[in-house]
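Encoded as structure tokens, the structure appears first; notes follow it.
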Amino acid sequence: MMLTDQAPALIVVIPLMCALLTPIIGLVKKELCHIWVLFALALSTAFAVSVLLAVISHGPVHYYMGGWMPPWGIEYVIDHLNALMLVLVTGTALVVAFYSPKSIERELPDKLTYFYTVFLLQVTGFLGIVITGDVFNLYVFLEVASLAGYALIAAGEEGAPLASFRYLILGTIGACFYLIGAGYLYIVTGSLNMADLAAALPELYHSKVILVAFAFFMVGIALKMALFPLHMWLPDAYTKAPSVASALIAPLMTKIAVYIMLRIMFTVFRPSFSFEILPVSTIMVVTGIAAILVGAVMALAQIDFKRMLCYIIVAEVGYMVGGIGLANETAIKGAILHVLNDVVMTLGLFAVAGIITYVKKSHNLSDFQGAFKKMPFTMAAFTVIGLSVIGVPPTCGFFSKWYLIQGSVIAGNWYFVAALLFSSLINIVLFFRILEIGYYDQGDHGNQEKGAGRKFTEAPVSMLVPALFIAVLIILIGFYNQPIILGIIQHSVPTL
Amino acid sequence: MTIAFDIVLQVFILICAIAAITVRDLLSSVMILGAYSFFMCLMWAQMGAVDVAFTEASVSAGIGTILFIAALMKTTRRSRD
Amino acid sequence: MFDLVMAKYNFWIYIVLMMIGFYAMIAKNNLIKKIVGINIFQTAIILFYISISFKRGATLPILTESDMHGHTTIEIAQYLNPLPHVLMLTAIVVMVATLGVALAIAILIYRKYHTLEEDEILKEAK
Amino acid sequence: MEVTLLIQATDDAFQVMEKAKMQAVGILDTATRLTSETRTIQERKLKAIFKGAHESQSGFLNFVATFAILIIFWAVLSGKFDAFHMTLGILCSLVIAWLSHDLLFANVRIGDIRVIVQRFLIYIPWHLYQIFLSNFHVAYLALSPRMPIQPEIIRFKTKLESDISWVAFANSITLTPGTVTVDIEGNEFVVHALSKKVADDLNAGEMEDRIAHIFMEADHIYIQDVLDVSRIFSALK
Amino acid sequence: MNGFAEMIIKTEDIIVKTIARILIPFIQLFSLYVIMHGHYSPGGGFQGGVIMGASLVLLFLTHGYEESKERMSEKAAILFSSTGVLIYSGIGLLCLLLLGNYLDYGRLSLILNVDLAHARSLGILGVEIGVGFAVMAVMFSIFLDISTGGIEPGEEKKNEKASTR
Amino acid sequence: MKILGLIVTMVTGALLMYGTADMPDWGDPNSPANSRISPRYIEKTEIETATPNIVTSILADYRGYDTLGETTVIFTAGVSCILLLRRRRKG
């Protein structure tokens, strides 16, 4: 009974404390680190699921840090959106942690302990961002997550430090803009608590300070989520990161930024302000369309598999931002469902990329040559994920796109519909090209190494199981999308 | 009196900030940044934020400058802009 | 007009400072200069927050002996607003943490390319 | 009768004198022996200092002395003397003394510390007076229309032995207007002097002698001997 | 290209060395004073921790790698930094185990035998000590890594050979 | 790049300046920031936490969780530097 009351705090604190203990464990015995990380994340996931269940049955959960009442102390507010994100973050981290050991042993053999420490800190940062109900606390954990992210990315292959440095500069600008926004809100309201701000702000909606604060929040978060004109840092950074790091950061960082955007727009500000006083809606839809087009076209031009995935992420961010910008209930529902789907799909894609990197030591599209013969299970998972990214019906990707298209039809925005369909078309080309390479192309040196070419070089089981699990999950989410929408997402859409 | 002091301090800070990003020698740039931090912390102390000023004096003007110089010694102090 | 300037010129100076740092971050070519820009930018933001907490005629946010032991009501206007100070302590620590990581990455880059100029690095990376 | 008395008295006197002589010789023997013992001890100490093997001696004394100094420093800083804060102070001082007791007294001889402090306190007014004098000199140099400055770098070997006395000497030179210690190379001081007079003053070596006197160098063996002998004589009395 | 530390060590400046040796204990005691008196005067865990870290950096710069390693090795730095944050989060967890919310120091009054306000005060003190530990160790560790470039001085040539091979 | 940077900087600066127009005056004791939440800290810190330094009491108690996050940031930075730079230990 008591433990479930304290679950919100424990979700964040357990990964944090385990991260602190990881270096000590690493000094004793390195091999234990992996099990320790799994243990921490499993525990955290269990608490997150229990909180999600509690939220579904009893409504939003409040938790007061240090026992201080909200405007004075720091408050955790967990509503449906929060709880869903918590489960997503912990679940993703758990899957990645399960998937990680072989890959890390090959890519960063002598840095295992510290890699896992930073890994857990990264998860802590994500959880702290998602769970909190305080504007400044969010900034602090945003910085935890960002710093850990810079370090994880910079530990990657050649050229990673430069990519990470550019990410650091832009990410710091983003965080600073967020801080300026919070300061502008604080100077006119005197409060930092989201609920308190929401209560204090409506009478100030015509103040210039509030407008500027809103603009800075939006630009800062757009930098963090790599929205179209500000996406320059993303492809390099995620391509060159170690495959485990990109499998953790790529699915989560952009989606968490989308989550922050939802929080700022719908919790701190009223939806009416967000959509009506400024032409935010139009801007978001236009940038969303631009992001989708640019992402899709650029993805087509890549020969590096991971880089292609990065541009797909840029396009997916366009889906979500555009969906929010359409400002009707169906589209926002679709956007939130797409957050869920996209986390799962991107995780799957980067898991496959990690397997390819593990087996072939590089991640170009040509590395898929003859992959169907050599690693059938990986390619089966990849096919399912690819179908979902394209948006073929039984998989989950279809449903979120369906809601988005429905929403844009309701809003009467045919350009967005066209962009979505165009992007799907490009995705078909992208994925079928890879499937073709994998299925037909036996490779140039098939003649020289006939014996080796025939050999069955599947990835190790610890990497394969997560990929297959994700494939199954994609289909499951596809089948159960209705309960998810009715039970969880329905409640997190604001009343417009 | 205090307004005059404020203005002098602000002018110093502005000069330091501009100098720090325009000087070509990176070591000088870092030194000027240290001076900038120190003037900044004077300004905060003057506004009554003694805790923050203390932290800034020890963190930014102290350890921060040391870290910068250590990094410069490990890399290079030449710069083209 | 004069009143307006007197009431607001402080904020304008902070904004100018922020923009100096911001310009260094996005337009300078040298990596260390960019890090210097980060420092200036964040310090200026901190200055902005500190100035929020300023009240005319107030003293340090540390209770005096008489307020501690006498049971008189505490004069709120007598003390500065302590909340932004606390927030900015956090921000300073975040600043130095970012500085450490950024310098570490810069050293890594130098180890690889033997230069700190961004365009030269990009040329060499290709 | 009187003659015999006189002879007897003379004999007695001689006997007394003989006894006294015997005693005096014995005392002198003892004194010499003790003195040579202390001298060997002192020489051994000196050798130890020269070799730099100083950690092995009196670690505990170092610890106690550091702790005492630190607790005084704490009391000056804190100004709160209730039980809680004094406990904190004692704990903190213990921790720091344990961490770095070998830093504060790396190669200072503990037994002499009182004398050093005493002499140092006497040295301060003299040094202030020197600063005062050379201030006038430098002011004269700067204000006189011809500006009679003849800057030069002078080098001289010092007779000082321990690093603490070097530092005291170097800082004294730097504190005095007109002269700046540029570097210490080996045991050679490199000093920048503003004019001939200042350089001559420095070369005369009064300041160096006084520093040596403070830290009981060059004269400390003699002084120690005298002190020991006088202690022995007072004990015998 | 020499590191910062090596450059300083090479000069063997007796004046800097001696002054640093005499100052370090006082700097360290001052840092502890700043931590302990955060309740009454400006200061607290961060400032004290940074000053403590700065004293270690001073020791490293003046006395070299070997000497400072005796007092704080890299392993010790890691251990101290995680211990510091563990003290903080451990106090929070203790409050949770005493049936309060996380970081609710008021609950400490159940085991400390003082009233609520003083329990909170003591909780703050404990937290500050933890922060001080962490900041001290981390500052020193970051400096060590940046100034030596992650290699033990003297091992550089060996390692570079190994990496170019 | 420099011209573009200058333009972006100018636009951002102008936006920030525009925002200052509706701000309370500098040093105004009755501004919302100074009168909405902070008075409670000043009034109650002695009764509730027995700590006269209000900054410390907020830092470590009222908003102690922020400080935990901040310490985590520092720890992250330390471990990150080790992860990136240290090449010392083998295996």
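The values are calculated or read from the model by the stated rules, or taken from the named source; none is laboratory data. Not measured: the values here are computed from a predicted model. Neighbour counts are summed over all protein chains in view; Cβ atoms, including those assigned to glycine, are modelled from backbone coordinates with ideal geometry.
A compact table of results
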read-out: Selected residue (only one of B:ILE7, B:ILE21, B:ILE15 is free of Cβ contacts under 8 Å to residues at least 12 places away in the same chain, under 21 Å from C:ILE15 (Cα atoms), surrounded by 23 or more Cβ atoms within 10 Å (Cβ to Cβ) and away from chain E (no Cβ under 14 Å)); value: B:ILE21
read-out: Failed condition for A:ILE277, given (1) under 12 Å from the mean Cα position of the chain (by Cα); (2) surrounded by fewer than 24 Cβ atoms within 10 Å (Cβ to Cβ); value: (1)
read-out: Filter pass, A:MET265 being touching a Pro at 6+ places or on another chain (Cβ under 9 Å) and either of a type outside the set (Val, Ile, Thr) or in a helix (DSSP H, G or I) (or both); value: yes
read-out: Residue in region F:13-29 that is within 21 Å of B:VAL52 (Cβ to Cβ), buried (at least 24 other Cβ atoms within 10 Å of the Cβ) and either more than 7 Å from chain C (Cβ to nearest Cβ) or of a type in the set (Val, Ile, Thr) (or both) present; value: no
read-out: Only one of E:GLY149, E:GLY130 that is crowded, with 21+ Cβ neighbours inside 10 Å, modelled with pLDDT under 85 and facing chain F (nearest Cβ under 8 Å); value: E:GLY149
read-out: Exclusive hit being closer than 17 Å to A:GLY325 by Cβ and surrounded by fewer than 21 Cβ atoms within 10 Å (Cβ to Cβ), set A:LEU227, A:LEU293, A:LEU204; value: A:LEU293
read-out: Lone unmet requirement of (1) in contact with a Ser or Thr (Cβ under 6 Å, 6 or more places away or on another chain); (2) among the hydroxyl-bearing types (Ser, Thr, Tyr); (3) under 16 Å from F:LEU68 (Cα atoms) for A:TYR64; value: (1)
read-out: Among (1) within 11 Å of chain F (Cβ to nearest Cβ); (2) surrounded by fewer than 23 Cβ atoms within 10 Å (Cβ to Cβ); (3) farther than 24 Å from C:PRO82 by Cα, the one test that C:PHE2 misses; value: (1)
read-out: Condition check for C:ILE13: among the β-branched types (Val, Ile, Thr), more than 8 Å from chain F (Cβ to nearest Cβ) and without any contact (Cβ under 8 Å) to a residue 12 or more places away in the chain; value: yes
read-out: Condition check for A:GLY91: over 16 Å from A:ILE153 (Cα atoms) and modelled with pLDDT under 90; value: no
read-out: Filter pass, A:TYR186 being more than 14 Å from every other protein chain (Cβ to nearest Cβ), hydroxyl-bearing (Ser, Thr, Tyr) and in a helix (DSSP H, G or I); value: no
read-out: Positions within region F:33-62 being of a type in the set (Gly, Ala, Ser), crowded, with 24+ Cβ neighbours inside 10 Å and either more than 10 Å from chain A (Cβ to nearest Cβ) or more than 26 Å from A:THR189 (Cβ to Cβ) (or both), in sequence order; value: F:SER57
read-out: Looking only at region A:25-66, and only at residues there that are surrounded by fewer than 17 Cβ atoms within 10 Å (Cβ to Cβ) and within 13 Å of another protein chain (Cβ to nearest Cβ), the one that is nearest to the chain's Cα centre (by Cα); value: A:HIS62
read-out: 2 or more residues modelled with pLDDT of 90 or more: qualifying helices (runs of 4 or more DSSP H) within region A:274-391; value: A:280-300, A:305-325, A:329-360, A:376-390
read-out: Entirely in region C:1-106, the helices (runs of 4 or more DSSP H) that have 1 or more residues that are modelled with pLDDT of 85 or more, out of contact with any helix residue (DSSP H, G or I) (no Cβ under 9 Å at 6 or more places or on another chain) and over 17 Å from B:LEU14 (Cβ atoms); value: none
read-out: Residue check for D:PHE189: assigned to a strand (DSSP E or B) and either surrounded by 18 or more Cβ atoms within 10 Å (Cβ to Cβ) or of a type in the set (Phe, Trp, Tyr) (or both); value: yes
read-out: Of all residues making up region B:24-60, the number that are without any contact (Cβ under 8 Å) to a residue 40 or more places away in the chain and within 14 Å of chain E (Cβ to nearest Cβ); value: 19
read-out: Residue in region A:120-135 that is part of a helix (DSSP H, G or I), within 14 Å of chain E (Cβ to nearest Cβ), farther than 26 Å from A:ALA182 by Cβ and at pLDDT 90 or above present; value: yes
read-out: Subset tally (residues that are of a type in the set (A, V, I, L, M), under 20 Å from the mean Cα position of the chain (by Cα) and part of a helix (DSSP H, G or I)) for region F:1-46; value: 3
read-out: Qualifying positions in region A:147-184 - within 17 Å of the chain's Cα centre (by Cα) and in contact (Cβ under 8 Å) with a residue 60 or more places away in the chain; value: A:GLY149, A:LEU152, A:ILE153, A:TYR167, A:GLY171
read-out: Residue match in region F:63-84 (condition: small (Gly, Ala, Ser), within 10 Å of chain A (Cβ to nearest Cβ) and touching a Lys or Arg at 6+ places or on another chain (Cβ under 6 Å)); value: no
